[in-house]
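Q: Structure in structure tokens, see below.
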Amino acid sequence: MRALEQSSHEAIGIDIQSSPFTHDVGSIIERSFVKRCMRGVEAVLHTATLHKPHIATHTRQDFVDTNITGTLNLLEEAMSADVRSFVFTSTTSVFGRALTPPAGGPAAWITEEVTPVPKNIYGVTKLAAENLCDLFHHRSCLACIVLRTSQFFPEEDDDRTARQTYDSDNLKVNELLYRRADLEDVVSAHILAMQEATTIGFGRYIISATTPFTRGDPHGLRIDTPAVVKRYVPAFEEEYRRRSWSMVPTIDRVYVSELAKAQLGWQPRYDFGHVIERLSASEDFQSSLARAVGSKGYHAESFVEGPYPTE
């Protein structure tokens, strides 16, 4: 909404809570509310979701209601309102168990050709919502783009060992190598998807920072990640030493976003090499948009054991 309000688009924000960027307060579960909000709309950016941080605090039915029924409501009302393009924010979490390589095996090289194997209710409902988008395109010719975004929130990691081992910024910069994106780049992907949807028709795209790695690296990444990173971004060693940071010893998966670049024309700026340059120049590694949005938290309450309770 921040980006759209500075563009030529007339944007209408809907949410379950009021905010400076919310025009209508309500839930996508309520069909009548969705119908009213869809009047005169040309494009829908569907980001509403229950996601991983809610697994321990919400029921499976809650996930079905929001992620599946809510998506169905939006799709049906979008079709009725002759919406031109529909962009659905999905997640790389749909890949689930496909992200974990076998013992001794290479890091998983994750492209759109990998078959998702969801491992929790979050992944199951997001994949089901993706398939609803596919169905509505093929049955009703609604132009739909699915964006499988990697991590981009600034909150602390839910893994206690990771929190204890790495400084929060250190961990997030490490993740830009293989499983994270900057918010500014995620937003630009959504705007491009909205613009290109009618040309593409239907597509699913991984949205993650450009990895420096190639198809020949997964074996090395499982054995000695720092050595592989040094080949591509040697400047990281000095900057990490200056900050007393550490590189992860091993990587289990690499998200590859080449298809989004080729078909959407997406050009993410915040990859690992760019961020090392910014850090070396004593600049913030995050985009100005990411800093402006900041940390919102996942729940109204706080938790002693982490940013949210885990299963």
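Q: Looking at segment 262-270, can you tell me whether even one residue there is touching a Leu at 6+ places or on another chain (Cβ under 9 Å), of a type in the set (K, R) and within 17 Å of S150 (Cβ to Cβ)?
A: no
Q: Let me ask you something else. With the requirement that a residue be in a helix (DSSP H, G or I) and loosely packed, with under 15 Cβ neighbours inside 10 Å, what does segment 3-34 give you?
A: E5, S32
Q: Quick check on my filter: what residues within segment 231-256 are under 12 Å from L177 (Cα atoms) and free of Cβ contacts under 8 Å to residues at least 12 places away in the same chain?
A: none
Q: Which residue is surrounded by the most Cβ atoms within 10 Å (Cβ to Cβ), if the candidates are limited to segment 264-281 and must be of a type in the set (A, V, I, L, M, F, W, C) and farther than 14 Å from L176 by Cα?
A: Only one residue tops the list, namely L264.
Q: Select from segment 276-295 the residues that are part of a loop (DSSP other than H, G, I, E, B) and in contact with a Phe, Trp or Tyr (Cβ under 9 Å, 6 or more places away or on another chain) and list them in ascending order.
A: Once the filter is applied, which keeps residues that are part of a loop (DSSP other than H, G, I, E, B) and in contact with a Phe, Trp or Tyr (Cβ under 9 Å, 6 or more places away or on another chain), segment 276-295 yields F285, Q286, S287, S295.
Q: Give the residue that is surrounded by the fewest Cβ atoms within 10 Å (Cβ to Cβ), with candidates limited to residues of segment 35-44 that are assigned to a helix (DSSP H, G or I) and touching a residue at least 24 places away in the same chain (Cβ under 8 Å).
A: Looking at the filtered set, the residue picked out is K35.
Q: I need a count of the residues in segment 221-249 that are among the basic types (K, R) and under 19 Å from A108 (Cβ atoms).
A: Looking only at that region, the number is 1.
Q: Could you please let me know if E112 is among the acidic types (D, E) and either over 17 Å from the mean Cα position of the chain (by Cα) or more than 25 Å from M1 (Cα to Cα) (or both)?
A: Yes, satisfied.
Q: Collect the residues in segment 166-184 that are among the hydroxyl-bearing types (S, T, Y), in contact with a Ser or Thr (Cβ under 9 Å, 6 or more places away or on another chain) and farther than 21 Å from R148 by Cα, keeping them in residue-number order.
A: Of everything in segment 166-184, just one residue is among the hydroxyl-bearing types (S, T, Y), in contact with a Ser or Thr (Cβ under 9 Å, 6 or more places away or on another chain) and farther than 21 Å from R148 by Cα, namely Y166.
Q: Can you confirm whether segment 125-142 contains a residue that is in contact (Cβ under 8 Å) with a residue 60 or more places away in the chain, in a strand (DSSP E or B) and either more than 17 Å from the chain's Cα centre (by Cα) or surrounded by fewer than 18 Cβ atoms within 10 Å (Cβ to Cβ) (or both)?
A: Within segment 125-142 (the criterion being in contact (Cβ under 8 Å) with a residue 60 or more places away in the chain, in a strand (DSSP E or B) and either more than 17 Å from the chain's Cα centre (by Cα) or surrounded by fewer than 18 Cβ atoms within 10 Å (Cβ to Cβ) (or both)), the answer is no, since none of the residues qualifies.
Q: Spot the failing condition for Y298; the list is (1) part of a loop (DSSP other than H, G, I, E, B); (2) under 24 Å from L177 (Cβ atoms); (3) touching a helix residue (DSSP H, G or I) at 6+ places or on another chain (Cβ under 8 Å), and only one is missed.
A: (2)
Q: Identify, by number, the condition in (1) without any contact (Cβ under 8 Å) to a residue 60 or more places away in the chain; (2) surrounded by fewer than 17 Cβ atoms within 10 Å (Cβ to Cβ) that R148 doesn't meet.
A: That leaves (2) as the condition not met.
Computed from the coordinates by the stated procedures, all read-outs in this text should not be read as laboratory data. For clarity, every value in this text was computed on a predicted model and none was experimentally measured. Positions of Cβ are generated from backbone atoms using ideal geometry, with glycine treated the same way; all protein chains shown enter the neighbour counts.
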